[in-house]
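Working notes for the structure below.
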Amino acid sequence: MHKPRSVLLLVITLLFIANHSWAQKGPEELSLKSAFSGKFDIGAALNLKQIYERDEQAAALIKAQFNSITAENCMKAMYLQPKEGEFNFKDADRFVELGEKYGMQLIGHTLIWHSQAPEWIFIGKDGKEVSREVLIERIRKHIHTVVSRYKGRIKGWDVVNEAILDNGDWRQSKFYQIIGEDFIELAFQFAHEADPDAELYYNDFSMSQKGKREGVARMVRKLKVKGVQINGIGMQGHLSLDYPSLADFEASILAFSSLGVQVMITELDISVLPIPGPSQGAEVSTNYQYDQVLNPYGEGLPVEVESKLANRYKEFFALFVKHHDKIDRVTLWGLTDADSWKNNWPVRGRTDYPLLFDRNYQAKPFVRELVEMAKE
Ligand code: XIL
């Protein structure tokens, strides 16, 4: 008499286990890169520990989940050429070898950026600011040396990073002040000379803001009119739970795509932490003093916040899937929450939860829904 009931119970238990063990399973059971293949590449930014495979769990996750990698720091100019003419390629070489070993698309980040640029590049032998001619020559040498070293091996370069402000004006960086707006065109030209087959991108944050959207579009249009090769626009995607609006983000995807370039989401993370100041962007020079009230989830993420994060990720991935014909790649800025730069920016020493994998290398429960969404 009790038999049918116990069979039913057994079936329910098995279904429950099957359903809930998914997130706990090893990385081979779920694969973001397989789920989104045919739509866009799925990438991650790697730090040195991951590049040198010092972390086995991270290595397994990278191989199983991603088909594109970006160097989080080691290809920035201050590391590649810390002193004039003294290049240090050790970490970048290792990054490229790792990507090739795993059969991944490699993204070079970034050739010309006002931040993490070596200080010497703007200063002459006399200790004064260099002339336009000298800076152009230094840029040329840097780009030629770096890009030609990896010729044919890097799929695409973030040639210029963050040259436009949120209101669409030119950022008053040293590159802009010394050379003028031509520095952008020259950087793209030098990169193209060094590797004619590499894709070349412009990359920036807060790309959903109207001013920045229009400023970037203006600049890219000008470059195209002049016949400069630019293949893509990277929207960094450092998001929070309520910024930016999906509609603004979508408007920028459409605006950039209509310029005849690929769109990429290049540095995706979604912070759940309070934003201490007025700026919502990713201005790396912004820093605020630590305060306990700014770090509310040190002991774990409350269910309701986790659910907001899940919804936010689902909304954005739904948008990416909707526009997969325009989007070439979606790269997460880090692997697990433990690695994320958001734990230390714009406030040092916080506990954030901005990525798809938790501190135990487990896919967050909502990742399953992202994978399901890809199949639809
Ligand atoms: C960040 C790295 O994640 C940090 O480790 C580093 O200390 C600062 O730079 N925009 C970019 C990235 O283009 O290169 C930045 O990466 C994050 C903002």
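The values are calculated or read from the model by the stated rules, or taken from the named source; none is laboratory data. The shown structure was predicted, so the numbers you read here are calculated from the model rather than taken from an experiment. We place every Cβ from the backbone using ideal geometry, glycine too, and count neighbours over all the protein chains shown.
Laid out as a table, the results:
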{"quantity": "Residue list for the range 4-61, filter: more than 19 Å from the chain's Cα centre (by Cα), of a type outside the set (A, V, I, L, M), at pLDDT 95 or above and surrounded by fewer than 16 Cβ atoms within 10 Å (Cβ to Cβ)", "calculated": "SER34, GLY38, TYR52, GLU53, ARG54, GLU56, GLN57"}
{"quantity": "Residue in the range 175-183 that is outside any helix (DSSP H, G or I) and modelled with pLDDT of 95 or more present", "calculated": "yes"}
{"quantity": "Hits in the range 238-279 - residues which are touching a Ser or Thr at 6+ places or on another chain (Cβ under 7 Å) and assigned to a loop (DSSP other than H, G, I, E, B)", "calculated": "PRO244, ILE275, GLY277, SER279"}
{"quantity": "Members of the range 155-170 found to be within 16 Å of the ligand (Cβ to nearest atom) and either among the hydrophobic types (A, V, I, L, M, F, W, C) or over 22 Å from the mean Cα position of the chain (by Cα) (or both), listed by number", "calculated": "TRP157, VAL159, VAL160, ALA163, ILE164, LEU165"}
{"quantity": "Check on SER240, more than 20 Å from ILE42 (Cβ to Cβ) and either within 13 Å of the ligand (Cβ to nearest atom) or within 18 Å of the chain's Cα centre (by Cα) (or both)", "calculated": "yes"}
{"quantity": "The range 326-347 residues that are touching a residue at least 24 places away in the same chain (Cβ under 8 Å) and over 26 Å from GLY156 (Cα atoms), paired with ones that are in a strand (DSSP E or B) and more than 10 Å from the ligand (Cβ to nearest atom) (beta carbon under 9 Å, 6 or more apart)", "calculated": "PRO346/TYR288; VAL347/TYR288"}
{"quantity": "Selection within the range 243-272 - among the hydroxyl-bearing types (Ser, Thr, Tyr), more than 16 Å from the ligand (Cβ to nearest atom) and in contact with a helix residue (DSSP H, G or I) (Cβ under 7 Å, 6 or more places away or on another chain)", "calculated": "SER252"}
{"quantity": "Helices (runs of 4 or more DSSP H) fully within the range 56-114 counting 1 or more residues that are over 18 Å from ALA45 (Cβ atoms)", "calculated": "56-65, 90-102"}
{"quantity": "Considering residues of the range 297-349 that are within 16 Å of the ligand (Cβ to nearest atom) and β-branched (Val, Ile, Thr) only, the residue farthest from the chain's Cα centre (by Cα)", "calculated": "VAL347"}
{"quantity": "Qualifying residue in the range 267-285 (condition: buried (at least 17 other Cβ atoms within 10 Å of the Cβ), modelled with pLDDT of 95 or more and under 21 Å from ARG171 (Cβ atoms))", "calculated": "yes"}
{"quantity": "Unique match (being hydrophobic (A, V, I, L, M, F, W, C), away from the ligand (no atom under 16 Å from the Cβ) and either crowded, with 18+ Cβ neighbours inside 10 Å or more than 18 Å from the chain's Cα centre (by Cα) (or both)) among ILE123, ILE107", "calculated": "ILE123"}
{"quantity": "Of the criteria (1) buried (at least 17 other Cβ atoms within 10 Å of the Cβ); (2) farther than 25 Å from SER148 by Cβ; (3) not hydrophobic (A, V, I, L, M, F, W, C), which one ASN203 fails", "calculated": "(2)"}
{"quantity": "Within the range 49-67, tally of residues that are touching a strand residue (DSSP E or B) at 6+ places or on another chain (Cβ under 9 Å) and within 16 Å of the ligand (Cβ to nearest atom)", "calculated": "3"}
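Table: residues versus (1) among the hydroxyl-bearing types (Ser, Thr, Tyr); (2) over 30 Å from ASP242 (Cα atoms).
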position	(1), (2)
PHE183	no, yes
ALA194	no, yes
SER208	yes, no
ALA217	no, no
LYS222	no, yes
